[in-house]
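Structure first, commentary second.
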Amino acid sequence: MTTPNELRLLPWSGSGDKPCYLSTDDPDGYMSRLADSIEAIQLGTAEELLEEATEALDDRGTSLDEMRCLITELTGALRDVVRIATSRGRLLATSDPCESAY
């Protein structure tokens, strides 16, 4: 049986905002590729929002409502990035150290 630290945390949640995991040894499988694709989209969105936030902070004309909306979007993007970092950290922790030396 696969132990929890061998599972890949997927970049989406299940019902009740519960984490979803993938158990596979195939990094090129359909679900692995789908998760990689979604992670790339999420990271791209986070980069775009970071740029928007920088511009909004520099613009003294940004309204409170605009800032609240941006903070809401940034919070979701940060949640996604933390999930990705957690997932990748777990994958690194369970990978064979000899494999990463080559």
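The values are calculated or read from the model by the stated rules, or taken from the named source; none is laboratory data. Note that this is a predicted model, so its numbers are computed, not measured. Using ideal geometry, Cβ is built from the backbone for each residue, glycine included, and neighbour counts are taken over all protein chains shown. Surface areas here come from the heavy atoms of the whole protein model, side chains and all, with no ligands, DNA or RNA. Shrake-Rupley method; radii C 1.70, N 1.55, O 1.52, S 1.80 Å.
Observations, loosely collected:
- Among residues of segment 64-92 being without any contact (Cβ under 8 Å) to a residue 60 or more places away in the chain and within 11 Å of the chain's Cα centre (by Cα), the one that is surrounded by the most Cβ atoms within 10 Å (Cβ to Cβ) is Ala77.
- Single unsatisfied condition, Ser23 versus (1) touching a strand residue (DSSP E or B) at 6+ places or on another chain (Cβ under 6 Å); (2) loosely packed, with under 14 Cβ neighbours inside 10 Å; (3) in contact (Cβ under 8 Å) with a residue 12 or more places away in the chain: (1)
- Complete set of residues in segment 1-27 that are at pLDDT below 90 and farther than 18 Å from Asp80 by Cβ: Met1, Thr2, Thr3, Pro4, Asn5, Glu6, Leu7, Thr24, Asp25, Asp26, Pro27
- Residue match in segment 55-63 (condition: in contact with a Ser or Thr (Cβ under 9 Å, 6 or more places away or on another chain), at pLDDT 95 or above, surrounded by fewer than 13 Cβ atoms within 10 Å (Cβ to Cβ) and farther than 28 Å from Glu6 by Cβ): yes
- For segment 4-20, taking the residues that are closer than 20 Å to Gly76 by Cα and in contact with a Leu (Cβ under 7 Å, 6 or more places away or on another chain), the one that is surrounded by the most Cβ atoms within 10 Å (Cβ to Cβ) is identified as Leu10.
- Residue within segment 21-28 that is farther than 22 Å from Ala93 by Cβ and of a type outside the set (Asp, Glu) present: no
- In this structure, Ala56 does not qualify as of a type outside the set (Ser, Thr, Tyr), part of a helix (DSSP H, G or I) and within 19 Å of the chain's Cα centre (by Cα).
- Restricting segment 31-52 to residues that are closer than 11 Å to Pro11 by Cβ and polar (S, T, N, Q), the residue that is farthest from the chain's Cα centre (by Cα): Ser37
- Beta carbons closer than 9 Å, at least 6 apart along the sequence or on distinct chains, pair a first residue in segment 28-54 that is closer than 26 Å to Thr72 by Cβ and free of Cβ contacts under 8 Å to residues at least 60 places away in the same chain with a second that is of a type in the set (Lys, Arg) and open to solvent by 70 Å² or more (accessible area, probe 1.4 Å) for Glu39/Arg88.
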